[in-house]
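Undergrad: The structure is given below, and queries will be raised subsequently.
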Amino acid sequence: MRRASAWALLVVVALGAGRPAAAAPPLRVGSKAFAESVILGEAAGLLAAAAGAPIEDRRALGGTRLCWDALVSGALDLYPEYTGTLREEILRVHQATGGASGEASGDLAGLRATLAARGLGFIGPLGFDNRYALAMREEMAARLGIRAISDLARHPELRIDLSNEFLHRRDGWPGLAARYALPDGKVQGLDHELAIRGLATGALDVTDIYSTDAEITRDGLRVLADDRGFFPRYQAILLYRRDAEARWPAAFAALGRMSGQIDDATMMRLNARVKLDKVPERTVAADFVAERFGVRATRAEEAWWPALWRRAREHLALVAVSLLAAILCALPLGVLATRSPRLGEILLAAVGVVQTIPSLALLVFMIPLLGIGARPATAALFLYSLLPIVRNTYAGLTAIPAPLRESAQALGLSPRAILWRIELPLAFGTILAGIQSAAVINIGTATLGALVGAGGFGQPIFAGIRLDDVSLILEGAIPASVLALLVQGLFDLLERILVPKGLRSEPR
């Protein structure tokens with residue numbers, strides 16, 4: 001027996017030794033959802049790919065917290081970040097002096113040590129400092145005599161709208177308003193690109209900008225002096241996981257060449273090519289890498305038709321998987337809710353609470369559990385699908401007249417038989433209407449999946465907002481709308497075929 005076991009162990013070891021070692025996972029390179037971050041992420045990916053690392057592209061993933069959580073959880077290996085954001089928003093490490101402006105080499109060493117304790121590191125600084133600032137149209141600022149942020153306190157009538165992230169950051173509006181005693185009662189949040197566009201058109205008077213934004217010159221904006229030294233330095237770096245560096249040392253050696261190679265003027269020029277000249281970010285990054293490092297490693301842009309077909313498959317997969325899972329879960333919950341009034345109230349309240357959670361917040365909450373990509377988006381869509389299906393199942397079953405149930409019981413039918421032969425067929429039209437509502441809602445909500453790398457029609461929509469390109473927005477919005485109409489028509493057809501006219505949710 002021992003001899004047989006020994007031979008079996010020897011065979012297992014031999015098979016394991018003869019099997020090739022599993023390939024190292026690709027280098028997952030991400031970026032935030034604004035042009036500068038995408039350019040830096042693309043440039044890093046091109047350099048790493050030229051050094052032999054397979055790249056998994058996770059660009060335009062949303063805001064700071066989303067990218068940081070993805071990095072910490074291992075869903076990302078590298079993304080561009082800024083030292084001020086790390087200190088003030090993520091790590092909340094303040095300088096001993098309490099000042100916001102200086103950042104000496106010793107401070108960077110301390111930041112490196114703090115990150116190393118978390119299994120992280122950074123490459124850089126890359127050479128430029130992209131500070132936050134407040135800006136106004138030059139004409140209005142000159143007319144009102146506003147040159148510094150402190151001057152805004154004398155003009156409470158000005159409309160100040162800010163980017164959503166800046167509005168809630170520790171190093172953003174709350175601290176800035178307190179430092180300068182600015183009125184904050186009417187400040188609204190919106191997308192960064194839309195805020196700059198609104199400033200240029202006169203829809204608002206003051207907004208936050210990045211110091212390397214190309215629109216500063218194009219739109220003739222006056223950058224207000226930070227005369228009380230509130231904003232820290234935001235030196236650009238490449239933030240990464242140290243275990244990824246161990247997997248791909250040659251790629252990280254190549255990435256180290258980016259340190260100190262991008263000054264403020266260069267970054268503003270690259271941003272301008274993307275946002276003003278409408279050159280794709282990938283092309284701008286490839287041109288920069290070729291010019292600065294002599295590396296000609298391009299990744300071709302996907303043609304329109306294959307991209308449309310790929311996005312349609314991704315979008316349909318998100319909707320179909322989440323909807324099927326919701327049906328399998330929500331139908332039993334709806335039935336269960338009818339069996340006890342108190343239990344029904346609890347279940348309906350629970351799924352209603354889920355529906356109130358903002359979509360992006362729910363996606364961010366799920367990243368530590370499910371990573372980035374299709375899984376967190378599918379899970380969020382599943383949760384959002386529960387309410388209409390549970391509610392309609394409950395409403396359809398409770399609307400069945402009590403004498404019908406009593407007649408079925410008098411005939412000796414079991415509770416299970418009553419459910420399957422009487423109740424569900426009678427409530428089917430209402431239940432189908434709930435499933436239809438969930439499907440149509442999911443198609444629209446699924447566009448947000450692009451912010452966590454799930455693909456779908458949200459990709460071109462957010463790219464269009466980021467680049468102020470209406471044609472890109474329409475590339476995603478029109479197919480998503482057409483898909484919603486097709487699905488709604490399909491459910492209407494199913495209702496006509498499967499539900500008797502007298503039992504339809506909306507008799508025609």
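The values are calculated or read from the model by the stated rules, or taken from the named source; none is laboratory data. Computed from a predicted model, the values in this text were never measured in an experiment. A quick note on method: Cβ atoms are made from the backbone with ideal geometry, for glycine too, and the neighbour counts reach across all protein chains shown.
Undergrad: Does LEU432 qualify as being in contact with an Asp or Glu (Cβ under 6 Å, 6 or more places away or on another chain), in a helix (DSSP H, G or I), surrounded by 14 or more Cβ atoms within 10 Å (Cβ to Cβ) and at negative phi? If you could, list the steps in order and put the result at the bottom.
TA: Values: in contact with an Asp or Glu (Cβ under 6 Å, 6 or more places away or on another chain): yes; in a helix (DSSP H, G or I): yes; surrounded by 14 or more Cβ atoms within 10 Å (Cβ to Cβ): yes; at negative phi: yes.
Considered against the rule, which asks whether it is in contact with an Asp or Glu (Cβ under 6 Å, 6 or more places away or on another chain), in a helix (DSSP H, G or I), surrounded by 14 or more Cβ atoms within 10 Å (Cβ to Cβ) and at negative phi, LEU432 comes out as yes.
Undergrad: Moving to a separate point now. Being small (Gly, Ala, Ser), loosely packed, with under 14 Cβ neighbours inside 10 Å and part of a helix (DSSP H, G or I) is the filter here, so list the residues in segment 322-349 that pass it.
TA: Filtering segment 322-349 for residues small (Gly, Ala, Ser) gives 322, 325-326, 330, 334, 337, 340, 344, 349.
Subsequent filtering for residues that are loosely packed, with under 14 Cβ neighbours inside 10 Å retains 340, 349.
The answer is ALA349, and nothing else.
Undergrad: Within the set of pairs 6 or more residues apart or between chains, which connect a residue that is closer than 23 Å to ASN130 by Cβ inside segment 168-189 to a residue that is of a type in the set (Val, Ile, Thr) with Cβ atoms less than 6 Å apart?
TA: Pairs found: TYR180/ILE149; VAL187/ILE160.
Undergrad: Do the conditions hold for ARG143, that is, is it outside any strand (DSSP E or B), surrounded by fewer than 16 Cβ atoms within 10 Å (Cβ to Cβ) and under 25 Å from the mean Cα position of the chain (by Cα)? I'd like the intermediate steps shown before the answer.
TA: Working: outside any strand (DSSP E or B): yes; surrounded by fewer than 16 Cβ atoms within 10 Å (Cβ to Cβ): yes; under 25 Å from the mean Cα position of the chain (by Cα): no.
So ARG143 does not fit the description; no.
Undergrad: Something else about it: Which residue, of ALA454, ALA463, ALA427, is closer than 18 Å to LEU316 by Cβ and either touching a residue at least 12 places away in the same chain (Cβ under 8 Å) or surrounded by fewer than 22 Cβ atoms within 10 Å (Cβ to Cβ) (or both)? Don't jump to the end; show me each part of the working.
TA: On the way: ALA463 fails: closer than 18 Å to LEU316 by Cβ; ALA427 fails: closer than 18 Å to LEU316 by Cβ.
Exactly one of ALA454, ALA463, ALA427 is closer than 18 Å to LEU316 by Cβ and either touching a residue at least 12 places away in the same chain (Cβ under 8 Å) or surrounded by fewer than 22 Cβ atoms within 10 Å (Cβ to Cβ) (or both), namely ALA454.
Undergrad: Any residue in segment 284-295 that is at pLDDT 90 or above, under 20 Å from ARG466 (Cα atoms), touching an Asp or Glu at 6+ places or on another chain (Cβ under 6 Å) and surrounded by 19 or more Cβ atoms within 10 Å (Cβ to Cβ)?
TA: Yes, segment 284-295 contains a residue that is at pLDDT 90 or above, under 20 Å from ARG466 (Cα atoms), touching an Asp or Glu at 6+ places or on another chain (Cβ under 6 Å) and surrounded by 19 or more Cβ atoms within 10 Å (Cβ to Cβ).
Undergrad: Further question: Which one is nearest to the chain's Cα centre (by Cα), of the residues in segment 152-182 that are of a type in the set (D, E, K, R) and surrounded by fewer than 17 Cβ atoms within 10 Å (Cβ to Cβ)?
TA: To start, the set of residues in segment 152-182 that are of a type in the set (D, E, K, R) comprises 154, 157, 159, 161, 165, 169-171, 179.
The next check asks that each one be surrounded by fewer than 17 Cβ atoms within 10 Å (Cβ to Cβ); those that pass are 154, 157, 159, 170, 179.
Values: ARG154: 38, GLU157: 34, ARG159: 28, ARG170: 21, ARG179: 31 Å.
Across segment 152-182, the extreme among qualifying residues is ARG170.
Undergrad: Has segment 432-440 got at least one residue that is of a type in the set (S, T, N, Q), farther than 30 Å from ARG59 by Cα and touching a Phe, Trp or Tyr at 6+ places or on another chain (Cβ under 7 Å)? Talk me through it step by step, then tell me what you get.
TA: Looking only at segment 432-440, we keep the residues that are of a type in the set (S, T, N, Q), and these are 436-437.
After this cut, where a residue has to be farther than 30 Å from ARG59 by Cα as well, the list is 436-437.
Next, from what is left, pick out any that are touching a Phe, Trp or Tyr at 6+ places or on another chain (Cβ under 7 Å): 436.
Looking for residues that are of a type in the set (S, T, N, Q), farther than 30 Å from ARG59 by Cα and touching a Phe, Trp or Tyr at 6+ places or on another chain (Cβ under 7 Å), one finds at least one in segment 432-440, hence yes.
Undergrad: Just name the residue that is farthest from the chain's Cα centre (by Cα) out of those in segment 56-86 that are assigned to a strand (DSSP E or B) and surrounded by fewer than 24 Cβ atoms within 10 Å (Cβ to Cβ). Don't jump to the end; show me each part of the working.
TA: Filtering segment 56-86 for residues assigned to a strand (DSSP E or B) gives 56-58, 78-82.
With the extra rule that they be surrounded by fewer than 24 Cβ atoms within 10 Å (Cβ to Cβ), the set shrinks to 56-58.
Working: GLU56: 17, ASP57: 14, ARG58: 10 Å.
Here the residue is GLU56.
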